[in-house]
Amino acid sequence: MSPFSGVIHLQKGCMNMKKLFALVLALCMALSLVACGGSSSSDTEDTTGDVSTADSVEDAEASVAADTEGTTSDGSLITVGFAQVGHESDWRTASTQSCQDVFTEANGYELVFVDCDNDSATQLEAVRGFIQQEVDYIIIDPIVSTGWDTVLTECEDAGIPVIVIDRTIDDSDKYAAWVGSNFTTEGLAAGEWLNAYAEAKGIEISGILVIEGTTGASATLGRTEGFQQIADSYGWTILDSQDGDFTQDGGQEVMESYCKSYEGQFNVVICQNDNEAFGAMTAMTNAGVSYGEDGDVTLISFDACTAGLEYVQQGLINADFERNPLAAPFVAEVIEQLEAGETPETEIYMEEHWFTYDETVSSFTVDGAEQTVTVVTDEVVEAQY
Ligand code: AHR
């Protein structure tokens with residue numbers, strides 16, 4: 001389903017010499033970027049430090065990509081540099097795929113992709129590399145929310161518009177647009193769902209353990225703040241809240257330590273993404289702690305990637321709060337507007353949904369706004385990214 005009402009038809013063109021030179025430089029830059037450790041919990045190829053042109057893929061997003069073609073007024077390809085966070089999660093894989101599906105040569109784009117392996121210095125270096133290459137646009141999913149003003153000023157001075165996706169930048173407004181969703185709302189929704197679920201099931205919340213995402217990431221800050229607000233309002237005890245770095249290994253490690261330190265003291269675990277939840281499930285199983293629909297621990301997760309929803313459907317994760325990774329079509333629309341000399345909206349919000357395994361809680365409210373909960377079925381899993 002295209003998020004845009006109109007189909008945009010644009011002429012395709014050949015890559016000019018400037019673009020060819022930029023691409024060669026991009027390849028050189030990629031080779032100079034050194035990976036900084038870390039482990040991938042996703043099934044996809046590790047593209048650390050890789051720079052590549054985008055490939056077409058045949059999946060549900062292809063129709064979206066076909067609607068978002070772009071070329072410059074002289075018919076040459078539009079060069080887009082994308083400084084991606086890394087490859088730490090299934091969600092991240094879906095986000096990368098979204099860009100690779102949309103920013104294809106067939107759609108009139110040259111994508112220069114850098115996987116920053118969750119390293120902020122690498123991400124700043126990648127953006128500066130894009131400036132040197134004189135790309136037409138820069139996309140950033142900022143690993144952390146601060147430390148951006150200097151490099152964004154450099155982008156501005158170079159006349160290259162920046163589009164921020166997903167995570168936010170809190171110390172600069174020198175970008176053309178941001179595309180994403182509200183992390184604090186996700187945390188608030190998780191908290192209000194938990195309250196409604198505990199009431200419906202007669203569960204008294206004894207102790208809550210949180211496995212946070214990467215320290216300093218707006219995803220972590222927003223989800224933590226939103227959930228904490230609800231915990232405070234209902235007087236819940238958060239026993240501990242530690243960084244699991246949005247990875248499966250990180251989630252497992254933190255949960256193993258929690259199972260030892262807080263044995264018998266907790267009955268709610270909040271994982272700030274699905275991959276952390278997968279790791280936490282392994283740790284709880286190994287420690288003899290039951291979780292999910294029939295277990296002692298209510299397990300809540302964020303992202304709602306396909307594998308996460310499969311666990312929700314099985315009742316092993318009680319509820320999963322979506323983050324939409326398919327920003328690229330919206331970014332392409334922003335680029336179209338900028339190419340046409342128009343001013344895009346500075347904040348573009350994408351829709352997201354809340355999922356659970358049965359009808360126990362079919363709706364609840366966040367700040368007075370009605371929230372609907374979707375029960376995961378085979379069709380829901382199949383339709384997910
Ligand atoms: O910024 C989005 C978060 O980053 C997702 O929740 C997580 O899976 C990813 O690593």
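Readers should treat all values here as calculations from the given coordinates under stated rules, not as data from a laboratory. This structure is a prediction, so every number in the text was calculated from the model and none was measured. Note: ideal-geometry Cβ built from the backbone for every residue, glycine included; neighbour counts use all protein chains shown.
Panel values: segment 291-385, Kirkwood radius from alpha carbon pairs, Stokes-Einstein at 37 °C and 0.692 mPa s, translational diffusion coefficient 218 µm²/s. Shape verdict for segment 226-280, please, from the Cα gyration tensor: rounded (a/c under 1.5), prolate (a/b greater than b/c) or oblate. Note, shape of segment 226-280 comes out oblate. Placing +1 on the Cβ of every Lys and Arg and -1 on the Cβ of every Asp and Glu, with nothing else charged, gives segment 183-234 a dipole about its Cα centre of roughly 100 debye. Counting only the Cα atoms, segment 170-289 fills a convex hull of 111 Å³ per residue.
Each Lys and Arg Cβ is given +1 and each Asp and Glu Cβ -1; about its Cα centre, segment 238-385 then shows a dipole of about 520 debye.
Rank-order 191-204, 126-139 by packing density, defined as the average count of other C-beta atoms within 10 Å over each peptide's residues, highest first.
So the order, starting with the most tightly packed, is 126-139, 191-204.
The fraction of all Cα pairs in segment 147-236 landing in successive 5 Å bins from 0 to the largest distance is 3, 13, 18, 17, 13, 10, 9, 7, 5, 3, 2, 0, given as whole percents. Under 5 Å between amide hydrogens, built in the peptide plane, is the criterion, and for I165 it picks out I140, D141, V179 among residues at least 5 positions away or on other chains. If you find the alpha carbon centre of segment 276-324 and of segment 120-193, how far apart are they in angstrom? About 30 Å separates the Cα centre of segment 276-324 from the one of segment 120-193. Here the scattering of segment 98-150 is modelled by Debye summation over its C-alpha atoms, one equal scatterer each and no solvent; at q = 0.15, 0.28 Å⁻¹ the log10 of I(q)/I(0) is -0.46, -1.21.
When each of the peptides 292-301, 218-227 is scored by how many other beta carbons lie within 10 Å of its residues on average, the order from highest to lowest is 218-227, 292-301.
Distance between the modelled labels on D171 and A383, one decimal in nanometres: 4.2 nm (7 Å Cα→Cβ projection). For V269, the shell of other residues with beta-carbons less than 11 Å away shows a net charge of -3, using +1 for Lys and Arg and -1 for Asp and Glu.
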